[in-house]
Each structure stands twice: as C-alpha cells, then as structure tokens.
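Below: the structure, in structure tokens.
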Amino acid sequence: MQFVLMLLQNTVVLILTLLQLAMLVRAIMSWFPGDSNKFEDFLYAITEPLILPVRKLFERFNWFQGLPIDVSFFVTYLLLSIVLVLLA
C-alpha cells in the first residue's frame, strides 16, 4: 500500500513539475511575438486551465487591474511551487 501511495505522490509531483516547466516556456515564448504555432497552442491549452481560476478571482475583486504584467500567472506558479514543496 505504501508503494502505491509513493508512486502516486511521485506521479503528481512529476505532472506538477512538467506544468511549471510548461508555464516557464510559455512565459519565455511570450517575450517573442510572432505567429501562433501548434506548440504554443499546446502550452496555452495545458496551462490556461490552471491560470484561469486565479485570473477570474482577481477580476471578480478588481485586484491587480491595469498592471502591465499578468499577476495571476505568477500567483499560479507560486501556488504550484507551494504544492510541490508540500508533496516533496
């Protein structure tokens, strides 16, 4: 039973780490504007469902409106980091 729980924990940690990596690559790609490609579309498809709830919360309470950076992106990244620390 302990092996199954450890395997599940390691799988979740791997998935969250890959999501963080995808968010980092997405952020770097946003610095270089250009035509959208399939890889960029893939990054948005897997990261946006994580960022969207935080963004909606901020919009609902009018937090961080009008800033030139996407604070919800950074908060989501931070939340993923916290979850990873708690799981490790």
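Derivation of every value follows stated rules applied to the coordinates shown; laboratory data play no part. A quick note: this is a predicted structure, and the numbers were derived from the prediction, not measured. With ideal geometry, Cβ positions are generated from the backbone for all residues, glycine too; neighbour counts draw on all protein chains shown.
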Can you give the helix-only mean residue ellipticity at 222 nm for the chain, where every DSSP H stretch with n ≥ 4 adds -39500 (n - 2.57) and the sum goes over all residues, rounded to the nearest 500 deg cm²/dmol? -27500 deg cm²/dmol
Just flag the chymotrypsin sites (Phe, Trp or Tyr not before Pro) in the chain sitting in loop per DSSP whose Cβ has no more than 13 other Cβ atoms within 10 Å. W31, F61, W63
Assigning unit charges at the beta carbon (Lys, Arg +1; Asp, Glu -1) and nothing else, what dipole magnitude in debye, to the nearest 20, does the chain show about its Cα centre? 200
How large is ³J(HN,Hα), in whole Hz, for each residue of the stretch 59-72 in order, when computed from phi with the Karplus curve 6.51 cos²θ - 1.76 cosθ + 1.60 and θ = phi - 60°, using x for Gly and Pro? 5, 4, 9, 6, 8, 6, 6, x, 7, x, 10, 8, 5, 4
Based only on the alpha carbon positions, what is the Kirkwood hydrodynamic radius of the stretch 25-69, in angstrom? 12.1
With Cα coordinates, the longest principal axis of the chain makes an angle with the long axis of helix 2-30, in degrees rounded to 10, of 20
Along the positive direction of the dipole of the chain (beta-carbon charges: Lys, Arg +1; Asp, Glu -1; about the Cα centre), which of G34, P68, L8 reaches farthest? L8
Taking every Cα atom in the chain, find the radius of gyration and the maximum pairwise distance Dmax, and write them in Å. 15.3, 50
